[in-house]
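The values are calculated or read from the model by the stated rules, or taken from the named source; none is laboratory data. These figures come from a predicted structure and were not determined experimentally. Here the Cβ positions follow ideal geometry from the backbone for every residue, glycine too, while neighbour counts run over all protein chains shown.
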Amino acid sequence: MSAPQGVLAVVGATATGKSALAVDVALRLGGEVISADAFTAYRGIDAGTAKPTVEERRGVPHHLVDIKDPSDPFSAGEFARLARAISREILSRGKLPILCGGTGFYVRAFFEGLFVGPPRDERLRTALRIVQERHGAPWLVRALGLIDPESGARISQRDGARAIRYLEIAISTGRRPSDLFRERPGERWEGPSVKVLLTLPRPDLYGRIERRFRESIMTRLPDEVRRLLEAGVPATAPAMAAIGYRETVELVEGRMTPAEWAETVIRQTRRYAKRQETWFRSEPDLHSFRADVPGLVDEVVATAGPLFS
């Protein structure tokens, strides 16, 4: 097999098995995993994020894990810059970078960059939202395609929010957004890529979320949060915004009963998973796979084949 030329992304909602799949594929294809999660970057934020243990990583190098203190910010822009640099370094060694995670905005920032365009024009945005309400998001995407065919082709027909922003940029600057993006080299991933989305029927996904909570998170998270608080990490720290952490602060401080805590964390996690599903449905160029089918690793390995040509 020739050396890889691009990046494989494994994305999806929480509890779909992304981390395990990424490790399996890495072992088959000679890859290294780059975590695309807003919170696994934080040291000490382990149980609630289902951060892979050393044993679960099975010798596969994992990048952007445990690189930040809980009180440090970790923005999508910083993630994207680091992840692109790491990907290029991995490729230079003849290995496959595997971007793995469920933070959709971070994944998008990696591939498309975070363009700092003109200030938002609320009057224009309101007018475009009215157009969307009357005619639908596909109408806006088609309108964008008339102004900027390249941007129009990249945006999902359902992604009205991005269409509005791109139209706003085009109208405000008099220029095509795709041209403005190109003027910022290094702000997006320019190499080949294959993106894999793991899915599950909603009842199955919700069942997995509850089982994982009761079998693992429930017994570990309270002690983890106590250690963080005792170490001086405030409940308002960026890392504590991870699902379940601020709720667990209420538990350990006696403001929530164990039953209330469990119900709340499971509910919040399910809501987050639903938002993740909605986000990834609007992303282009995703190869979708059921997460529970036999032969999944073989299917993903085959799908990644073009990265080696």
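Which number in (1) crowded, with 24+ Cβ neighbours inside 10 Å; (2) over 24 Å from Val293 (Cα atoms) marks the one condition that Ser2 misses?
For Ser2, the failing item is (1).
Of the residues Leu140, Leu128, Leu124, Leu144, only one is within 30 Å of Val7 (Cα to Cα) and of a type outside the set (S, T, N, Q); which?
Leu144
Is it the case that region 45-62 has a residue that's closer than 27 Å to Arg208 by Cβ, touching a Gly at 6+ places or on another chain (Cβ under 8 Å), assigned by TED's automatic domain parsing to the domain that holds Pro203 and not in a helix (DSSP H, G or I)?
Yes.
For region 136-168, which positions are under 21 Å from the mean Cα position of the chain (by Cα) and under 17 Å from Asp121 (Cβ atoms)?
Result: Gly160, Ala161, Arg162, Ala163, Arg165.
In this structure, is Leu82 assigned to a helix (DSSP H, G or I), touching a His at 6+ places or on another chain (Cβ under 9 Å), surrounded by fewer than 20 Cβ atoms within 10 Å (Cβ to Cβ) and not β-branched (Val, Ile, Thr)?
yes
Identify all residues within region 109-135 that are of a type in the set (A, V, I, L, M, F, W, C) and over 26 Å from the mean Cα position of the chain (by Cα); write none if there are none.
Leu124, Ala127, Leu128, Ile130, Val131
So, in region 166-189, of the ones that are of a type in the set (Asp, Glu) and modelled with pLDDT of 85 or more, which residue ends up surrounded by the most Cβ atoms within 10 Å (Cβ to Cβ)?
For region 166-189, the residue satisfying everything is Glu168.
Restricting the first residue to region 255-273 and requiring it to be over 13 Å from Arg212 (Cα atoms) and small (Gly, Ala, Ser), which pairs with a second residue that is modelled with pLDDT of 95 or more and surrounded by 14 or more Cβ atoms within 10 Å (Cβ to Cβ) meet a Cβ separation below 8 Å and a spacing of at least six or different chains?
Short answer, once both residue conditions are applied: Ala273/Ala13; Ala273/Thr14; Ala273/Ala15; Ala273/Leu205; Ala273/Tyr206; Ala273/Ile209.
Quick check on my filter: what residues within region 70-92 are of a type outside the set (Ser, Thr, Tyr) and either in contact with a Lys or Arg (Cβ under 6 Å, 6 or more places away or on another chain) or within 17 Å of Glu32 (Cβ to Cβ) (or both)?
The answer is Phe74, Phe79, Leu82, Ala83, Arg84, Ala85, Ile86, Arg88, Glu89, Ile90, Leu91.
Examine region 299-307 for a residue that is acidic (Asp, Glu), modelled with pLDDT of 95 or more and more than 24 Å from Phe111 (Cα to Cα), and state whether such a residue exists.
Checking region 299-307: not a single residue is acidic (Asp, Glu), modelled with pLDDT of 95 or more and more than 24 Å from Phe111 (Cα to Cα).
Here is a list: Leu128, Leu91, Leu99. Which entry is out of contact with any helix residue (DSSP H, G or I) (no Cβ under 9 Å at 6 or more places or on another chain) and more than 30 Å from Glu230 (Cβ to Cβ)?
Leu91
Listed here are the residues, each with its yes/no results for (1) at negative phi; (2) crowded, with 18+ Cβ neighbours inside 10 Å; (3) in contact (Cβ under 8 Å) with a residue 60 or more places away in the chain.
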residue	(1), (2), (3)
Gly113	no, yes, yes
Asp121	yes, no, no
Gly136	no, no, no
Leu146	yes, no, no
Ile164	yes, yes, no
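Consider Ile34 carefully, then state whether it is in a strand (DSSP E or B) and either buried (at least 24 other Cβ atoms within 10 Å of the Cβ) or modelled with pLDDT of 95 or more (or both).
Yes: the conditions hold for Ile34.
Tell me the residue from Gly48, Gly30 that is under 16 Å from Ala241 (Cα atoms) and either touching a residue at least 60 places away in the same chain (Cβ under 8 Å) or in contact with a helix residue (DSSP H, G or I) (Cβ under 8 Å, 6 or more places away or on another chain) (or both), please.
Gly48
So that you can scan it fast, the table gives a plain yes or no per residue for (1) of a type in the set (D, E, K, R); (2) out of contact with any Ser or Thr (no Cβ under 8 Å at 6 or more places or on another chain):
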residue	(1), (2)
Ile147	no, yes
Glu168	yes, yes
Arg175	yes, yes
Leu180	no, no
